[in-house]
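Q: Please find one structure pasted underneath; my questions will follow.
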Amino acid sequence: MLQSKVLIVVLILLNSIVLLGQVWPEGAPPFAHIVNIIFLFLSLIYFIFAFLKMRTSK
């Protein structure tokens, strides 16, 4: 359970950086494109595992 909460916090922080880059492109850090890719990849992994967990719990 703690691991899941940590992952969600990390995804929220990465999402905040990605959102900042979309709303205020001049203020985005130089590594924003790497953060965007990491966020998308981790989100995909999280959603796949959540979907598989949901399917197995039925």
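The values are calculated or read from the model by the stated rules, or taken from the named source; none is laboratory data. Note that the structure is a prediction, hence the values are computed from the model and not measured. Here the Cβ positions follow ideal geometry from the backbone for every residue, glycine too, while neighbour counts run over all protein chains shown.
Q: State whether the residues of the stretch 14-25 include one that is part of a helix (DSSP H, G or I), exposed (fewer than 11 other Cβ atoms within 10 Å of the Cβ) and of a type in the set (Gly, Ala, Ser).
A: no
Q: Let me ask something else about it. What tally of residues in the stretch 25-51 results from selecting those that are farther than 14 Å from Leu14 by Cα and touching a helix residue (DSSP H, G or I) at 6+ places or on another chain (Cβ under 7 Å)?
A: The total comes to 1.
Q: Something else about it: Between a first residue in the stretch 31-58 that is surrounded by 10 or more Cβ atoms within 10 Å (Cβ to Cβ) and at pLDDT below 85 and a second residue that is among the polar types (S, T, N, Q) and part of a helix (DSSP H, G or I), which pairs have beta carbons less than 7 Å apart while being 6 or more apart in sequence or on different chains?
A: Pairs found: Phe39/Asn15.
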